[in-house]
Amino acid sequence: MRWMTLFAPLLLVASAAAQPLPAKPPAPAERMERAVLLLDRLDAADWDAAGEHFADGLRGALAPEKLEQVWTTLPRQLGPLAGRDAPRHERNAPFDVVVVPLRYQAMTLDARVTFGADGRIEGFHVVPAAPPPAPAPAADDGYSEEPLAIGDGAGALPGTLALPRGTARVAAVVLVHGSGPQDRDQTIGPNRPFLDLARGLAAHGIAVLRYEKRTRARPQEFTGAFTVDRETVDDAVLAVAALAAHPRVDPARVFVLGHSLGAMMAPRIAARAGGVAGLVLLAAPARPLEDLVLEQVRHLAALDGDASAEARAQLAAIEAGVAQVKALGARPDGERLLLDLPVAYWRDLAGYDPVATLAALPQPALVVHAGRDIQVGAADWARWQEAFPASPRVSLREFPALNHLMIAGEGPGTPGEYFRPGHVDAGLIDAVATWIGEQA
């Protein structure tokens, strides 16, 4: 059984506290050798030896059983490992990072091994590989692109602003990712839905800001307890401010467009950012996150038809994790993980209802449901419909042929669609642009 959900956290993330400076730190070549050795041992299922060079804190976060769970799940999700590309060294002061591309059948992942100053491994992250840069817009496209950072200082996130040509101030949109370590294009397999949305809306005369998600750009910050605000909301609030301050943007017409988890959190983002002109929610969950995770896992199990003992055990573990999330209460749990996310994350979401939060906001909203979505389904769409049956403020649109990525297809939706190239539906982009124009 494959467990692949767009609500998944980082595929594998753990870090330890920095260690004291050594007298003579290991050279980059030695660190690359250690990173390759780690991967060799994981491929050989030598889980105990894999952590030989882990810092003490990392040993606790990535115990042998955790390494086994993740490393054996990846080929079930993505097909067999076809090979590795050559390691490369990056400097992310005060750390050194060795990146080893892993070429699975469905997609390439980057194994990022972070070394402290003493040469011990302080972080191990497996994230989707960065795709090649998108070609620049053509000179006659009617818009251009320019860099725009989110936040200040070392923690700033790189972003790209698609800006209609001219001198007039324009309406603008901030794109907010789904969960996981997403890049600015929200690349999933060969598809780049945020690139499609940004350039499609820019062609309609709307500025669009997309940015690297913090869990991708700075995964070392996600150690111990963290919340959905840290993952998604805080940076989206900063992005709204950055966009509103741009000299070509009309600060009274800044919109938030969220997808999946980003759509779920968009009402909270608007409530905290201030000055948001309206919201666009694509594939927006309306139920607790843990309920959707369980529904997705059961759906995938039914698609696979896998009745093996291993599949049954994996499903039982997910069901037990969901039950633990439901039973959290107020007792302290430290940095314990449930469904691979900290308890603090689940507590942050426990009292949050996106439907009720949107109902309490004054801003207009467009809620879009994709009829072939296997991630956010009919039960969520029904709840949005029940909450806003004939609202002059909240518009509801369903696109029956679209999947979770807002790409058109036929027949029942499947996870395999995410790895077939496509583009966000032009009709959806037109509908969003028209709705934004109407809010003026």
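On the stretch given as the stretch 358-377, residues that are part of a loop (DSSP other than H, G, I, E, B) and in contact with a Lys or Arg (Cβ under 7 Å, 6 or more places away or on another chain) total 1.
Of all residues in the stretch 321-359, those that are at pLDDT below 80, surrounded by fewer than 13 Cβ atoms within 10 Å (Cβ to Cβ) and over 27 Å from residue 267 (Cβ atoms) total 4. Restricting attention to the stretch 378-418, the residues that are in a helix (DSSP H, G or I) and of a type in the set (S, T, N, Q) total 1.
Beta carbons closer than 9 Å, at least 6 apart along the sequence or on distinct chains, pair a first residue in the stretch 410-431 that is farther than 19 Å from residue 398 by Cα and in the same structural domain as residue 185 (by TED's automatic domain parsing) with a second that is of a type in the set (Lys, Arg) and in a loop (DSSP other than H, G, I, E, B) for 415/2; 417/372.
Residues that are over 20 Å from residue 149 (Cα atoms), touching a His at 6+ places or on another chain (Cβ under 8 Å), in contact (Cβ under 8 Å) with a residue 24 or more places away in the chain and in the same structural domain as residue 187 (by TED's automatic domain parsing) do occur in the stretch 260-271. Could you say which residue among 429, 374, 407 is in contact with a Leu (Cβ under 9 Å, 6 or more places away or on another chain), closer than 26 Å to residue 191 by Cα and at pLDDT 95 or above? From the options 429, 374, 407, the qualifying one is 429. Quick one: is residue 318 modelled with pLDDT of 85 or more, under 23 Å from residue 417 (Cβ atoms) and not assigned by TED's automatic domain parsing to the domain that holds residue 426? Yes. The listed residues are 131, 135, and the only one of them that is modelled with pLDDT under 95, over 17 Å from the mean Cα position of the chain (by Cα) and not small (Gly, Ala, Ser) turns out to be 135.
Being surrounded by 17 or more Cβ atoms within 10 Å (Cβ to Cβ), touching a residue at least 60 places away in the same chain (Cβ under 8 Å) and within 28 Å of residue 66 (Cβ to Cβ): is that true of residue 95 here? So residue 95 fails the test. Note on the stretch 163-254: enclosed helices (runs of 4 or more DSSP H) holding 1 or more residues that are closer than 29 Å to residue 352 by Cα, modelled with pLDDT of 95 or more and aliphatic (A, V, I, L, M) are 193-203, 234-244. Checking each residue in the stretch 214-269 for being among the acidic types (Asp, Glu) and surrounded by fewer than 24 Cβ atoms within 10 Å (Cβ to Cβ) picks out 221, 229, 234, 250. When residues in the stretch 203-226 are screened for being more than 25 Å from residue 428 (Cα to Cα) and over 14 Å from the mean Cα position of the chain (by Cα), 6 of them pass. In the set (1) at pLDDT 90 or above; (2) over 24 Å from residue 280 (Cβ atoms), the condition left unmet by residue 389 is number (2).
The values are calculated or read from the model by the stated rules, or taken from the named source; none is laboratory data. Owing to the predicted nature of the structure, the values given are computational and were not obtained by experimental measurement. Cβ: placed from backbone, ideal geometry, glycine included. Neighbour counts: every protein chain shown.
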